[in-house]
Amino acid sequence: MQNFVYSIPTTVYFGKGQIENLPKAIKAYGSKVLMVYGGGSIKKSGLYDTIMGLCKDNGISVVELSGVDPNPRVESVNEGVRLCRENGVEVVLGVGGGSSLDCAKTIAACVDCDCDAWDVVTKKVVPEKILPVVTVLTLAATGSEMDTFAVISNMKEGEKLGVGYPDMRPKASIMDPTYTFSVSKYQTASGTADIMSHLMETYFTMDGDTAVQDGIIEGLLKVCIKYGPIALAKPDDYDARANLMWAGSLAINDLTRWGKATTWSCHSMEHQLSAYYDVTHGVGLAILTPAWMEHILSDKTLPKFVDFGVNVWGIDKNLDAYEIAHKAIDMLRDFFTNTMGIAKDLPEIGIKDEENFDIMAEKAAKGLKTAFVPLSKEDVIAIYRACK
Ligand code: NZQ
Ligand code: ZN
């Protein structure tokens, strides 16, 4: 296991009614807030009114940035930065799913930089000071409520890139599972696939004996496999929503990643799909992951797939090792498509030609030389093709 420093300083207020702690969480850092949210789900659910009431009652002034798109755009970040500067904002509050939270975190990182937000996302400019971020999560998926990252799209450039600094990790996050009761079946399935992908990206490494991390990952994957279908069938099942929500945070808050080297192959390939076709993140991952697994399965990677098959999917350990591996991949694909109802391939989400595969693969492969199995541009094209 590699050396690491354990530090996850986000204060999590988890459970029903925890929103009452929001004023306290904000006021530890200031009383002028930029509230960043999406296309209206929080108005429909009443959460918007609750937050506005709490802020008013506690002397917190609120400036708003609404309409953040799924796959948040750099234009929204620039607009948020402008609002922060004009209004002397002290705290950025993200309310919603990963897109609103990522937008809030990137705004916080850009406020002090005298440049376009895209220069921060592309790391041309490194922020020296980042405004404190507080979040209220309404969708279990990305783990943005507890991690240091944000992913921002620039549709003009055909780019979707991640940016992360330790101070982008939210100072506090309100996580009330009842807020996720209204999440659609489509987004519930996509979010579950995203959580599972974060776990699998971290699980499949060649990095020595990391039994603690791998055991936690196997346990969290089983949580998703158990509770994802329950949340689909019964959207207001509190335990299902609570377990998915907490699994989503732990999957990516560094708990399972520290101590091992990870390079995320499926995320790199998926971000290109989103950049070129505006694909829902978790859907792209669910389509790509089984194809990636088939592509990288070899004598060298086989033992990890056997662990995955036996410990996560409960496959008989006495079977032939390759049979276990193939069965595990088939069970994963079947879970995504038949149990969770996610599209089975790229044509089903409207990607029928190969027009952009070459440029997408070139961009995706750039960072994948150090992956679990290093992938070349040709490998990535082959994986995209296997999804057709
Ligand atoms: O915009 P609103 O009206 O809020 O509606 C959203 C949106 O349409 C809706 N929604 C959210 N909460 C809801 C709800 N609808 C009903 N009831 C609720 N309680 O769901 C739709 C999708 O929301 P979005 O925030 O886009 O989803 P998600 O949380 O999956 O976030 C996806 C984004 O996060 C990035 C993805 O690439 C993508 O851009 N990621 C961020 C990561 C991170 N910060 O570490 C890591 C991930 O791997 C991922 O890349
Ligand atoms: Zn993800």
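The values are calculated or read from the model by the stated rules, or taken from the named source; none is laboratory data. All of these numbers come straight from a predicted model, not from anything done at the bench. Every residue, glycine among them, receives a Cβ derived from its backbone with ideal geometry; neighbour counts consider all protein chains shown. With ligands, DNA and RNA removed, areas are computed over all heavy atoms of the protein, side chains included. Shrake-Rupley method; radii C 1.70, N 1.55, O 1.52, S 1.80 Å.
I'm told His271 meets every condition in (1) more than 16 Å from ligand 1 (Cβ to nearest atom); (2) more than 24 Å from Met175 (Cα to Cα); (3) out of contact with any Ser or Thr (no Cβ under 7 Å at 6 or more places or on another chain) except one. Can you identify the failing condition by its number?
Condition (1) is where His271 drops out.
If we scan the stretch 89-96, do we find a residue that is over 25 Å from the mean Cα position of the chain (by Cα) and either within 26 Å of Lys24 (Cβ to Cβ) or within 15 Å of ligand 1 (Cβ to nearest atom) (or both)?
First, the residues of the stretch 89-96 that are over 25 Å from the mean Cα position of the chain (by Cα): 89-90.
So of that shortlist, the ones also either within 26 Å of Lys24 (Cβ to Cβ) or within 15 Å of ligand 1 (Cβ to nearest atom) (or both) come out as 89-90.
Scanning the stretch 89-96 turns up at least one residue that is over 25 Å from the mean Cα position of the chain (by Cα) and either within 26 Å of Lys24 (Cβ to Cβ) or within 15 Å of ligand 1 (Cβ to nearest atom) (or both).
Let me spell it out: the conditions are (1) within 14 Å of Thr142 (Cβ to Cβ); (2) surrounded by fewer than 24 Cβ atoms within 10 Å (Cβ to Cβ); (3) away from ligand 1 (no atom under 12 Å from the Cβ), and Tyr227 meets all of them except one. Which number is the exception?
Failing condition for Tyr227: (1).
Quick one: how many residues across the stretch 235-257 are farther than 14 Å from Thr142 by Cα, open to solvent by less than 40 Å² (accessible area, probe 1.4 Å) and in contact with a Phe, Trp or Tyr (Cβ under 7 Å, 6 or more places away or on another chain)?
Step one: of the stretch 235-257, the residues farther than 14 Å from Thr142 by Cα are 235-243, 255-257.
Still in the running and open to solvent by less than 40 Å² (accessible area, probe 1.4 Å): 237, 240-242, 256.
Remaining after also requiring in contact with a Phe, Trp or Tyr (Cβ under 7 Å, 6 or more places away or on another chain): 240-241.
Qualifying residue count for the region: 2.
Here is a list: Val12, Val33. Which entry is touching a strand residue (DSSP E or B) at 6+ places or on another chain (Cβ under 6 Å) and open to solvent by less than 20 Å² (accessible area, probe 1.4 Å)? Show your work before the answer.
Numbers: Val12 fails: open to solvent by less than 20 Å² (accessible area, probe 1.4 Å).
Being touching a strand residue (DSSP E or B) at 6+ places or on another chain (Cβ under 6 Å) and open to solvent by less than 20 Å² (accessible area, probe 1.4 Å) holds for just one of Val12, Val33, which is Val33.
Confirm whether Leu47 is open to solvent by less than 60 Å² (accessible area, probe 1.4 Å) and without any contact (Cβ under 8 Å) to a residue 40 or more places away in the chain. Give the derivation first.
Values: open to solvent by less than 60 Å² (accessible area, probe 1.4 Å): yes; without any contact (Cβ under 8 Å) to a residue 40 or more places away in the chain: no.
Criteria not met by Leu47.
Filtering the stretch 274-303 down to residues that are in a helix (DSSP H, G or I) and open to solvent by 30 Å² or more (accessible area, probe 1.4 Å), which residue is farthest from ligand 1 (Cβ to nearest atom)?
Narrowing the stretch 274-303 to residues in a helix (DSSP H, G or I): 274-277, 281-296, 302-303.
With open to solvent by 30 Å² or more (accessible area, probe 1.4 Å) added as a condition, the list becomes 276-277, 281, 294-295, 303.
Numbers: Tyr276: 14, Tyr277: 13, His281: 4, Glu294: 22, His295: 20, Pro303: 26 Å.
Applying the filter and picking the extreme gives Pro303.
So Asp102 passes all but one of these: (1) over 20 Å from the mean Cα position of the chain (by Cα); (2) surrounded by 24 or more Cβ atoms within 10 Å (Cβ to Cβ). Which condition number does it fail?
With respect to (1) over 20 Å from the mean Cα position of the chain (by Cα); (2) surrounded by 24 or more Cβ atoms within 10 Å (Cβ to Cβ), Asp102 is out only on (1).
Quick grid of which residues meet (1) more than 26 Å from Val136 (Cα to Cα); (2) away from ligand 2 (no atom under 16 Å from the Cβ); (3) surrounded by 24 or more Cβ atoms within 10 Å (Cβ to Cβ):
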residue	(1), (2), (3)
Thr180	no, yes, yes
Ala189	no, no, yes
Ile195	no, no, yes
His198	no, no, yes
Thr205	yes, yes, no
Thr210	yes, yes, no
Asp214	yes, yes, no
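Anything in the stretch 75-96 that is in contact with a Phe, Trp or Tyr (Cβ under 8 Å, 6 or more places away or on another chain) and open to solvent by 10 Å² or more (accessible area, probe 1.4 Å)? List them, or say none.
Of the residues in the stretch 75-96, the ones in contact with a Phe, Trp or Tyr (Cβ under 8 Å, 6 or more places away or on another chain) are 90-91, 94-96.
Within the stretch 75-96, just Glu90 meets the criteria.
Pull up the stretch 137-160, narrow it to residues that are within 10 Å of ligand 1 (Cβ to nearest atom) and aliphatic (A, V, I, L, M), then point me to the one that is farthest from Lys363 (Cα to Cα).
Going residue by residue through the stretch 137-160, those that are within 10 Å of ligand 1 (Cβ to nearest atom) are 137-153, 160.
Now restrict to residues that are aliphatic (A, V, I, L, M): 137, 139-141, 146, 150-152.
On the way: Leu137: 31, Leu139: 29, Ala140: 28, Ala141: 25, Met146: 28, Ala150: 19, Val151: 16, Ile152: 16 Å.
By that ranking, first place goes to Leu137.
Which of the residues belonging to the stretch 136-162 are surrounded by fewer than 24 Cβ atoms within 10 Å (Cβ to Cβ), over 10 Å from the mean Cα position of the chain (by Cα), within 21 Å of Leu273 (Cα to Cα) and within 16 Å of ligand 2 (Cβ to nearest atom)?
Across the stretch 136-162, the qualifying residues are Leu161, Gly162.
Any chance the stretch 259-268 includes a residue that's more than 15 Å from ligand 1 (Cβ to nearest atom), open to solvent by 10 Å² or more (accessible area, probe 1.4 Å), touching a helix residue (DSSP H, G or I) at 6+ places or on another chain (Cβ under 7 Å) and part of a helix (DSSP H, G or I)?
Checking the stretch 259-268: not a single residue is more than 15 Å from ligand 1 (Cβ to nearest atom), open to solvent by 10 Å² or more (accessible area, probe 1.4 Å), touching a helix residue (DSSP H, G or I) at 6+ places or on another chain (Cβ under 7 Å) and part of a helix (DSSP H, G or I).
Name every residue in the stretch 88-112 that is assigned to a helix (DSSP H, G or I), of a type outside the set (S, T, N, Q) and touching a strand residue (DSSP E or B) at 6+ places or on another chain (Cβ under 9 Å), in order of residue number. Let's see the steps before the verdict.
Taking the stretch 88-112 first, the residues assigned to a helix (DSSP H, G or I) are 98-110.
Now restrict to residues that are of a type outside the set (S, T, N, Q): 98, 101-105, 107-110.
Result: Gly98, Leu101, Asp102, Cys103, Ala104, Lys105, Ile107, Ala108, Ala109.
Among the numbered conditions (1) at positive phi; (2) open to solvent by less than 60 Å² (accessible area, probe 1.4 Å), tell me where Pro347 comes up short.
Among (1) at positive phi; (2) open to solvent by less than 60 Å² (accessible area, probe 1.4 Å), Pro347 violates only (1).
Sort out which residues of the stretch 50-74 are open to solvent by less than 20 Å² (accessible area, probe 1.4 Å) and among the β-branched types (Val, Ile, Thr), and write them in order of number.
Taking the stretch 50-74 and keeping what is open to solvent by less than 20 Å² (accessible area, probe 1.4 Å), we get 51, 55, 60, 65, 68, 71-72, 74.
Listed by number, the residues that qualify are Ile51, Ile60, Val68, Val74.
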